[in-house]
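For reference, the structure is listed below as structure tokens.
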Amino acid sequence: MGAACCTARPKTPSHHYLDIHVNREPQQVLVTNTEYPIEFVAFSQQRLIDEEEVWTFKDRRIATGHPRGVRVWQLNKELDSLASVTPLYHETFGGKTEIRALAFMDPFESRFLLGACTTDEGGSQKAHSIRVWDLNFSFRCCGELKGHLAHINCLAVSENRIFSGSEDGVIKAWDRHSNFQCVKTVTAHEGPVRGLDFSDGYLFSVGEDLKIKIWDSKSLELRQMFSADTPQPHVKITALYTIRRPSARWMVASVQSPYRLQPGYLAGHLFVSGVDSNGIGCVLVWDLRKGECVKVLSGHTGRIRAMAFGPYDNGPLATGGWDKKIRVWDLTTMTCTHSVEGHVGEVSCLCVEPHFHLFSGGSDSLLKAWRLLRVDEEITDMRSRT
């Protein structure tokens, strides 16, 4: 890592994560200088070295995107004060290329950025591909993964593979040990694939067909499938948007963690966001061991497009929706512990980084950085304001 500055993240403190709240006002508001809303965000995680978490500030980046462009932001050592979150690149693609998803190719680094692109080649001809940009060399396109026949809606990554889901219900797996050739293709859903997530050897998908599916990430064989049924008969889910598997956020959950999956063994929770027939945004909580939806978290008005997990290995869960709000959920009591109005318009994407910061993007074209406070810190913060 050379001269990169590293900071060991503290072990999980004795207080429970339910004591975490979002600060009332964002610490920093970053203007994207575009009329387009921020539709998606990509963020790379930290690396686990010798069973210790090490956060490296060298080349830590967040990427935000809209259909016609990508902006990359640099996070420097002064992140605790957020004094140095600055724009690094801003690439626009004109009217011929549309982007629908972003992800960093390596879950532990932020050099190579993936973009799900559709390019108009004239007439009715469109090319669908995953472009690979090298952020260490001025956003140079250094590769392109081709094979999809429809718009690519979502991406997920593991240490060895890239997964992509498209508008025609297809999921593809691209293997980095085979020069990123497509090694597996399955027709996963009847209709568009809306969300993907990877964790502990499994790929999780959600589709417009209101199906939630769990796949073996090596063979892409279906391991489990759920319908969007809920334990509450009056709640009828009409659309699903995002899927999150908790241990996928940091990849450092202990073996004893109830959220960690063992090889060939499904347990813990899975979170899927959607909206019901009354226009209420919901998060469906699935118990993988029981194979059933055990809880419906309701609170947003309108759809929930954004979910993020952390900074602890077991939570909390943050959600953002059409009602402009960001909500924080305790995963033990399954209740909302805090809510703030995040943006002028819809909150479309969220991500959490290990030093207790939450980043949100919205239809107001702003990227906002929020401090996640423990109760004792919040009291101190309130006193400092009075």
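Data table
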item	result
Residue check, Pro311 assigned to a strand (DSSP E or B), surrounded by 24 or more Cβ atoms within 10 Å (Cβ to Cβ) and not aliphatic (A, V, I, L, M)	no
Any chance Ser348 is open to solvent by less than 30 Å² (accessible area, probe 1.4 Å), modelled with pLDDT of 85 or more, in contact with a Pro (Cβ under 9 Å, 6 or more places away or on another chain) and farther than 29 Å from Ser227 by Cα	no
Residue list for the stretch 277-300, restricted to those being over 21 Å from the mean Cα position of the chain (by Cα), touching a residue at least 12 places away in the same chain (Cβ under 8 Å) and either within 13 Å of Ile326 (Cα to Cα) or not in a strand (DSSP E or B) (or both)	Ser277, Gly279, Arg289, Gly291
Lone unmet requirement of (1) in a loop (DSSP other than H, G, I, E, B); (2) exposed (fewer than 15 other Cβ atoms within 10 Å of the Cβ); (3) in contact (Cβ under 8 Å) with a residue 24 or more places away in the chain for Ser110	(2)
Where His234 falls short, out of the listed (1) at pLDDT 90 or above; (2) over 26 Å from Lys126 (Cβ atoms); (3) open to solvent by 20 Å² or more (accessible area, probe 1.4 Å)	(1)
Any chance Ser138 is within 28 Å of Leu88 (Cβ to Cβ) and open to solvent by less than 10 Å² (accessible area, probe 1.4 Å)	no
Residues of the stretch 317-340 that turn out to be closer than 17 Å to Leu372 by Cα, surrounded by 18 or more Cβ atoms within 10 Å (Cβ to Cβ) and small (Gly, Ala, Ser), as a count	2
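The values are calculated or read from the model by the stated rules, or taken from the named source; none is laboratory data. Because the structure is a prediction, the values reported are computed rather than measured. In this analysis, Cβ positions are derived from the backbone assuming ideal geometry, glycine residues included, and neighbour counts consider all displayed protein chains. The protein model used for the area step is the full one, side chains on, heavy atoms only, and it has no ligands, DNA or RNA in it. Shrake-Rupley method; radii C 1.70, N 1.55, O 1.52, S 1.80 Å.
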